[in-house]
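Read through the structure below, which is laid out as structure tokens, and then see the notes.
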Ligand SMILES: Cc1cc2nc3c(=O)[nH]c(=O)nc-3n(C[C@H](O)[C@H](O)[C@H](O)COP(=O)(O)OP(=O)(O)OC[C@H]3O[C@@H](n4cnc5c(N)ncnc54)[C@H](O)[C@@H]3O)c2cc1C
């Protein structure tokens with residue numbers, strides 16, 4: 001009988017793992033567990049507030065892809081893992097496997113007091129649309145953009161898109177002839193926001209903010225939010241709209257079982273992406289806490305690299321071979337400003353950037369088209 005692999009999630013890491021597994025093995029049975037057969041291309045959420053992207057552009061049905069790759073789709077959420085990983089309990093029934101890859105992404109922390117007063121633009125297309133609609137309904141005022149981390153785990157944060165939301169909004173308001181009516185503020189507890197990208201990138205980003213008259217409120221601990229107000233250790237300030245990305249942690253279903261979790265609530269796995277102490281169970285992408293340098297990003301690119309690594313190791317292990325593949329650590333991003341972009345690259349031996357230029361905006365758009373093409 002052919003072996004059975006279960007993959008939890010239908011995002012970046014999961015889909016890369018499926019492609020790699022099917023390429024290497026035509027017969028292994030693959031079951032995907034996720035609430036919806038839909039892939040959301042999160043990097044393009046930054047273009048939703050300015051109307052450049054709508055739901056149908058960046059949330060695509062996976063039905064064709066699953067049919068082509070002979071994937072059985074189980075349209076329910078995972079609830080718990082039993083029998084050392086061999087059984088996944090879902091909101092409708094259980095799924096048995098010989099090997100398991102967990103790629104269920106992360107959730108955003110809700111622990112700051114008054115967090116309900118902030119718009120979190122990146123959990124879904126609908127969240128980004130809410131920001132779009134709020135901005136469209138304003139004829140002036142203050143918009144504050146910020147992010148913070150997970151105090152228990154430095155790597156569990158998502159800062160890059162906040163720069164893109166603030167630069168994109170600045171450009172959008174300028175285009176509409178409304179810039180003079182708005183005050184834009186950027187806030188973050190770190191005095192060096194975006195440090196993961198390297199010192200040079202931080203300098204460039206801060207300089208770009210000053211040039212575009214985006215006020216900085218950085219280096220002060222965030223205490224929380226009130227209606228129309230951001231509270232920090234260095235005083236409070238008002239904003240008519242607060243756009244904020246909190247630190248990340250694992251989904252609550254991971255906590256429901258005796259899975260090895262990191263201090264930040266992510267699934268602890270080793271350099272081969274194998275979950276500690278669990279045979280043939282792998283964790284990849286945003287849901288995983290993996291060894292690496294302190295600047296290792298929570299990015300789609302890393303989820304892809306880890307998805308390929310987990311696929312290779314799981315297939316090897318199921319064939320009784322050594323599962324010793326590892327993944328490269330790379331930070332690769334274009335920080336977009338709506339009509340131009342800045343490129344940043346970081347690997348263990350190298351950190352460089354290309355300054356803001358128009359072709360990089362078009363390259364980011366081309367990459368979106370090229371990436372989505374394989375799943376349409
Ligand atoms: C606004 C924004 C901009 C970004 N820009 C970039 C960028 O420019 N470059 C870059 O590399 N990265 C970028 N990222 C980060 C990137 O999107 C994430 O790192 C990436 O999505 C992580 O992939 P993943 O597979 O781990 O999780 P996800 O892509 O989040 O997928 C998780 C999957 O698990 C499913 N799921 C959740 N709970 C359950 C459950 N209980 N049971 C079953 N399935 C479940 C979800 O439905 C989803 O299908 C950006 C993110 C955002 C929000």
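Once R0 is set to 30 Å, what does the formula 1/(1 + (r/R0)^6) return for the Cβ-Cβ distance between residue 111 and residue 301, expressed as a FRET efficiency to the nearest 0.05? Please report the intermediate quantities before stating the final value.
Details: r = 28 Å, r/R0 = 0.94.
Computed FRET efficiency for residue 111 and residue 301 comes out at 0.60.
Suppose a student asked you for the relative contact order of the stretch 178-328, using Cα pairs under 8 Å spaced at least 6 residues apart; what percent would you report?
Values: 199 pairs, mean separation 22.4, N = 151.
Rounded, it is 15 percent for the stretch 178-328.
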Discussion item. Pairs of alpha-carbon atoms within less than 8 angstrom and 6+ residues apart define the contacts here; what relative contact order does the chain have, in percent?
Written reply: 19 percent
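Quote the relative contact order of the stretch 118-247 in percent (integer), defining contacts as alpha-carbon pairs under 8 Å separated by 6+ residues. Spell out each step's value before the answer.
Values: 211 pairs, mean separation 47.1, N = 130.
So the answer I get is 36 percent.
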Practice prompt. For the stretch 1-155, state what percent of all Cα-Cα pairs lands in each successive 5 Å bin, counting from 0 Å until the bin that includes the largest distance.
Written response: 2, 8, 15, 16, 16, 14, 12, 9, 5, 3, 1, 0, 0, 0
Worksheet item: Once the Cα atoms of helix 125-136 and of the chain are each reduced to a long axis, what angle between those two axes, in degrees from 0 to 90 to the nearest 10, is obtained?
Response: 10 degrees
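Hey, with R₀ at 41 Å, roughly what FRET efficiency would residue 212 and residue 80 work out to, going by the Cβ-Cβ distance, to 0.05? Let's see the in-between values first.
Numbers: r = 48 Å, r/R0 = 1.17.
Approximately 0.30, to the nearest 0.05.
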Fill in: Cut-off 12 Å (backbone N to label point 7 Å along Cα→Cβ of residue 2), residues of the stretch 51-72
69-72
Worksheet item: Between residue 326 and residue 271, what is the spin-label point distance in nm, taking each point 7 Å from the Cα along the Cα→C-beta axis?
Response: 0.3 nm
Practice prompt. Write down the percent of antiparallel bridges among all DSSP beta bridges whose residues are both part of the stretch 118-247, to the nearest 5.
Written response: 35 percent
Discussion item. Can you compute the modelled spin-label distance between residue 178 and residue 152, with each label point 7 Å from Cα toward Cβ, in nm?
Written reply: 4.0 nm
Discussion item. Per-residue counts of other Cβ atoms within 10 Å, averaged by peptide: what ranking do you get for 105-116, 344-355, 293-304, highest first?
Written reply: 293-304, 105-116, 344-355
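Using only C-alpha positions, report the orientation-averaged shadow area of the convex hull of the stretch 191-252, nm², one decimal.
Numbers: hull surface 23.1 nm².
Convex hull of Cα atoms, orientation-averaged projection: 5.8 nm².
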Worksheet, complete the sentence: If one compares the long axis through the Cα atoms of helix 160-175 with the longest principal axis of the Cα atoms of the chain, the angle in degrees, nearest 10, works out at 40 degrees
Worksheet item: Which residue fluctuates the most in the chain, going by a Gaussian network model with Cα springs under 10 Å, if the choices are 236, 25, 133?
Response: 25
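What does the helix-only formula give at 222 nm for the chain: each DSSP H stretch with n ≥ 4 adding -39500 (n - 2.57), the total divided by the residues, and the result rounded to the nearest 500 deg cm²/dmol?
Details: 9 runs with 103 residues, N = 376.
So the calculated ellipticity at 222 nm is -8500 deg cm²/dmol.
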Item to complete: Work out how far the C-alpha atoms of the stretch 118-247 reach from end to end along every principal axis, then list the three figures in whole Å, largest first.
Response: 39, 31, 30
Worksheet item: Taking the Cα atoms only, what angle lies between the long axis of helix 300-318 and the longest principal axis of the chain, rounded to 10 degrees?
Response: 10 degrees
Practice prompt. Enumerate the residues in the stretch 46-79 having an amide nitrogen under 12 Å from the point lying 7 Å beyond the Cα of residue 376 toward its Cβ.
Written response: 57-58, 60-61
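Quick check on the chain: what are the equivalent-ellipsoid semi-axes from the Cα gyration tensor, as sqrt(5λ), descending, whole Å? Before the final figure, lay out each step's value.
Details: eigenvalues 270, 89, 80 Å².
Ellipsoid semi-axes (Å, largest first): 37, 21, 20.
Values in this text are rule-based calculations from the coordinates and carry no lab data. It should be emphasised that the depicted structure is a prediction, and the values quoted were computed from it without experimental measurement. Counting neighbours? That spans all protein chains shown, and the Cβs are built from the backbone with ideal geometry, glycine included.
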